[in-house]
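Since the structure comes first, as structure tokens, the remarks are kept for the end.
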Amino acid sequence: MGQHYDVIVIGGGHNGLVNAAYLAKAGKRVVVLERRHVLGGAAVTEEIFPGFLFSEYSYVVSLLRPEIIRELDLPRHGLETIREIRRHSRVDAEAYEEFSKMMVPMCRFVKPILSMIPPDPTTLNPRDLKQFLFLLQRFRELSSDERYTLVQLMTMSSADFLDQWFETDVLKATMSASGIIGTFLGIRSPATAYVLLHHYMGEIDGAFRSWGFSRGGTGAISNAIASAARELGAEIRTKAPVAKILTKNGRACGVVLQSGEEISAGVISSGVDPHLTFEKFLDPSDLPSDFLESVRHYKFRGSSGKVNLALDALPNFKCLPGAGAHLRGAISISPAMNYMERAYDDAKYGQYSRRPYIDMVIPSLTDPSVAPPGKHVLSCFVQYAPYKLAAGTWDEQREAFGNNVIETIAEYAPNIKGIIIGKQVLTPLDLEREFGLTQGNIFQGELSLEQLFFLRPVAGWAYYRTPVDNLYMCGSATHPGGGIMGANGRLASQVILKDWKRGAFRSKAAN
Amino acid sequence: MPLGQRVVLIGGGHNALIAAFYVAKGGFKPLVLERREMVGGGAITEEFYPGFRASTLAHTLGPLRADIVRDMQLYRFSCEIFSPDPRVFAPAPEGKALFFYNDTAKTAAGIADFSQKDAAKYTEFAESLESISEVLTQLTSMTPPAIDKPSPEDFWNLFKTGRGVRRLGKEGIFNLFRWSPMAVADFVAEFFETELLRAVIAARGIFGNVLGPWSAGSTAVLLLRAAADAHPVGSASFPRGGLGSLTRVLAESAKEAGAEIRTDAEVEQIRIKDGAVTGVVLKGGEEIAVEAVVSGVDPKRTFFHLIDPSLLDPVFANRIKNFRAKGNVAKVNLALGGLPSFSALESNEHALRALSGRIHIGPDIDYLERAFDDSKYGGISKAPYLDVTIPTILDPALAPDGKHVLSAYVQFAPLKLMEGNWDSRRRELGLTVINTLGAYAPNVSSLVEGVQVITPEDLETCYGFTGGHIFHGELALDQLFTMRPVLDWARYKTPIRGLFLCGSGTHPGNGLTGASGANAAREIIRELR
């Protein structure tokens, strides 16, 4: 056996890096093993075409927990958020103001939950009971109106929820999009209002509902976290794909890389999703069968793709010709509620949306460093693109899928076809292959109510621990879910360090 | 308030009749005012075509909660209940079929023809539903707790429920949390691989609601229905003479207890003075002074049609306005010259038994979802999901000799059509149902003598369900328990003193079980004493 560490972190995504940084900060000897040549997982910046830097997958910043930015001193490591995005034109309707006001106490209610290790509802353990009482107490402290809205947000469809507030169809359609991003649900499906809230949690400098770009693309965030981790003593290896997690007497004790190299450690912290962790890296015999069955029931269901375009000029929108502030924010192709719902209907039966919802940003307008002078990058998040196609494979349909997106954009900005000088199309299958996101789910698993809080990823195992001793989870598949939040990695580090204190690994560490 | 005072109940549906019984037992003088010429609300028997009678709307029981049957001593009245076995016959287009018997092992044996694995899982499924259903029954029988100032009884109820929940064990508790918000399509897929089996069970999660099997939260509806009947496919029983016999018996029992019942008595207005009810005004002008009013009609009708809305607190009024009650169900009743012969059945004694329960038309999950898709954009399902009964097999008196009645719930049919209106498309809906049935029983169309189509619009105008919703309001996670009909007012009381609700728009609202009526009566008596 080769080297020995205190902790091996599998996967150099943002959560893995955060996890490593905190563990290193506590004095542990940590190594991060990243399969690819770049760090960041889905939060990477890559030069796909010469001179054009793309936030290849994840493209906006907002959810990164403020305490992480503070505790890891990320600005010193180069994190610079450009607070630029207006998600859509501020409609000067009174309802919008009122709505925004109402969302603040909602976010405030949810905020501590994001930094909380989920309690177990099946035990009478005083610590867990205390946490539930804390939540109940907070709920009781809300005003009747706030409770009413909170209950609705936790259960309703985003369409029904917004119907109560607004009348304008296109406004509702655009706002409801936040409720479906990354999920395999339509805007009229109950429980999508929660996803809307999840996206509303975006917080920059203490203000909710603010989104920004990171200078240098989202990869810059990952690099800043990595730099912080390195400074704290963590070792980070790229191009080090893990093949297996090694166990001895029911305890995880190391990993084997695809190269055959073995690395041993007292603790393994997996930043990759449950499918990879439990079904690929472990033997079925390492796990209890009911746990494995729950892992199989865990829903990934990727529903989105990405089209990155290198542009010679700016797109010119029919409804608002010329350059202007409207291009600096997010541009949403979501013209009507029925449009959004029909996009979903296609996907339900295994077809990519004939007319998809597209969320576009042009980061080169705010951060010229990402494209050659005068040129631009256009990053398009596209939904729906179901992982499982009813006919054909994604390799066969990739080209058609990309063209369909461009056709759709052309209906709104006809000049688009003439200004494309480079095109990258990422299907759910590509996300799985390239980024290790099973079935192409950007959150490492659906953000549906049955997969949240103490149920994420597996009921009874929502506490970052796993049935295998010394093996932990720290990725987006754990509470509080996906987005470049980092909370998962931080909470997992707390659990690991607590177990360390209890002496859980003492026998191993002595070996 | 002294006993013996007058309490008026608006609407003679099953919940109001049950509430009237308990209120009378509690020492008050209930007066039930029914708009139509007969009591029963959605549970009635009518002649829909010369010589043919049917349970025109509801065609099976919830069933009624056992303690209500006991308290009202319903067995003393002549009301024979048929409980067909198999409960459900589910044909697939290719000629195969599933049968759901009372007996789990017998059902599983049939499932084994499709999949051995599913046959084994079915037993497990029936058992977990059974154990969870006990807790849910407890929940549906209690008054939702007050959040701000819980009463000692609330604590006691919660304690009892907590104890019941803990008895489920760790896995059971997690199942309860995990299953409720799930899409019923995912839920059934965790157990079964046979599409037909998945579809039959999943249908229970979408029945009567604006939900497709892929809508999140549809499993909650299934669980709520399982609180009334833990059998995987629910109840198929109905009384001799149709559902109208049941409500007639409920009325008799209530009368014996001291309730007065008036039909052809439409309430036009509830009189309110200084925030309290003082009386009701009937169509025609008659005024009745009352101490309390219990509304068995839906919340929207109660607060927006029977009351001057300007008397309501705007926050409350807004919540009632937001209460979702847009129906997506229609009903088609066919008068048939003979018994339809289903391709999946040979015509023999067995076939007769097979058809005596409910017949499920909706062979796979995608079929159900596509039926829902049409309705999202204001269309009638081209291939609808049907819940069918042929009551005349067990109760031949409903039709002339040798003839039959076929009663079908049709999903989906939205209240507001994108094209045309219900008057012009009524016929089309009837034909769609006949054609859909034709795929399984080719001779149906040649047997049809008469057709009755009850559109969502009819449900609103004729039955008085605002929005045409058969449960008075969507059974959605945000409209259940402490949120039914709205948060802060889920305890059968309303912001108006002396005004109560007892209909399906209150907790639990899970079909023909009488739970809302009985729960409401308990609160009303407590409040008035």
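The values are calculated or read from the model by the stated rules, or taken from the named source; none is laboratory data. All of these numbers come straight from a predicted model, not from anything done at the bench. Reconstructed Cβ throughout: ideal geometry from the backbone, glycine too, with neighbour counts over all protein chains shown. The accessibility values were calculated without ligands, DNA or RNA, using every heavy atom of the protein model including side chains. Shrake-Rupley method; radii C 1.70, N 1.55, O 1.52, S 1.80 Å.
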With equal scatterers on the alpha carbons only and no solvent term, can you work out the Debye log10 of I(q)/I(0) for chain A at 0.07, 0.08, 0.11 1/Å?
-0.36, -0.48, -0.93
Measure off, as a whole percent, the carbon and sulfur share of the 1.4 Å-probe accessible area of the stretch B:326-461, all protein chains present.
50
Among bridges DSSP assigns within chain B, what percent are antiparallel (round to 5)?
70
Under a straight-distance cross-link criterion of Cα-Cα below 16 Å, which lysines are reachable from residue A:306, leaving out those fewer than 8 residues away in the same chain?
A:423
What per residue convex hull volume, in Å³, do the alpha-carbon atoms of the stretch A:175-309 yield?
191
What average count of beta carbons from other chains do you get within 10 Å of the Cβ of residues in A:143-154?
4
Where N is the number of residues in the stretch B:104-226, Cα Rg divided by 2.2 N^0.38 Å
1.19
Using alpha-carbon coordinates, inclination of helix B:243-257 to the longest axis of chain B, degrees:
30
Eligible aspartates and glutamates near residue A:130 by straight Cα distance, threshold 12 Å, same-chain separation 8 or greater:
A:120
Arrange the residues B:298, A:160 by how much accessible surface each exposes, largest first, with a 1.4 angstrom probe.
A:160, B:298
What's the angle, to the nearest 10 degrees (0 to 90), between helix B:422-438's Cα axis and the longest principal axis of chain B?
40
What are the extents of the Cα atoms of the stretch A:335-463 along their three principal axes, listed from largest to smallest and rounded to whole Å?
54, 35, 31
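Determine how many Å³ per residue the convex hull of the Cα atoms of the protein assembly as shown encloses.
169
Which order do B:134, A:446, B:193 take when ranked by solvent-accessible area (1.4 Å probe, heavy atoms of all protein chains), largest first?
Working: B:134 125, A:446 5, B:193 95 Å².
Largest to smallest exposure gives the sequence B:134, B:193, A:446.
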Given labels modelled 7 Å from the Cα in the Cβ direction, how far is it in nm from residue A:498 to residue B:377?
5.1
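If you stretched the chain out fully between residue B:416 and residue B:439, how much longer would it get, using 0.36 nm times the residue separation minus the C-alpha to C-alpha distance?
5.5 nm
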Which order do you get for A:176, A:259 if you rank them by accessible area with a 1.4 Å probe, largest at the top?
A:259, A:176
With DNA, RNA and ligands ignored, accessible area of residue A:376 (1.4 Å probe; Å², nearest 10):
20
Looking only at other chains, what is the average number of their beta-carbon atoms within 10 angstrom of each beta-carbon in A:178-190?
3
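So in chain A, what percent of DSSP beta bridges are antiparallel if you round to the nearest 5?
For chain A, the DSSP antiparallel bridge percentage is about 70.
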Please give me, ordered by residue number, the GluC sites (Glu not before Pro) of the stretch A:140-186 that lie in loop per DSSP and have at most 12 other Cβ atoms within 10 Å.
A:167
Among the listed pairs B:382/B:416; A:101/B:321; A:25/A:501; A:280/A:498; A:299/A:388, which are separated by more than 19 Å between their Cα atoms?
A:101/B:321; A:280/A:498
For the pairing of chain A with chain B, what total accessible surface becomes buried, with a 1.4 angstrom probe, in square angstrom to the nearest 100?
3400
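As a check on your grasp of the helix formula, calculate [θ] at 222 nm for the protein assembly as shown: sum -39500 (n - 2.57) over DSSP H runs of n ≥ 4, divide by the residue count, round to the nearest 500. Don't skip to the answer; put the middle values down first.
Numbers: 34 runs with 370 residues, N = 1040.
Helices in the protein assembly as shown give a 222 nm mean residue ellipticity of -10500 deg cm²/dmol.
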How far is helix A:14-25 tilted off the main Cα axis of chain A, in degrees rounded to 10, range 0 to 90?
40
Looking at the stretch A:168-277, which trypsin sites (Lys or Arg not before Pro) are in a loop (DSSP not H, G, I, E or B) and have at most 15 other Cβ atoms within 10 Å?
A:239
Taking all protein chains as present, what is the carbon and sulfur share of the accessible area of the stretch B:478-519, in % to the nearest whole number, probe 1.4 Å?
55
How well do other chains shield peptide B:475-482, expressed as the mean number of their Cβ atoms within 10 Å of each residue Cβ?
4
Per DSSP, the loop-located trypsin sites (Lys or Arg not before Pro) within the stretch A:277-341 having at most 11 other beta carbons within 10 Å are A:318
Restricted to the protein assembly as shown, the DSSP antiparallel beta bridge percent, nearest 5, is 70
Which of the aspartates and glutamates could a cross-linker span from residue B:121 if the Cα-Cα distance has to be under 13 Å and same-chain partners fewer than 8 positions apart are dropped?
B:190, B:193
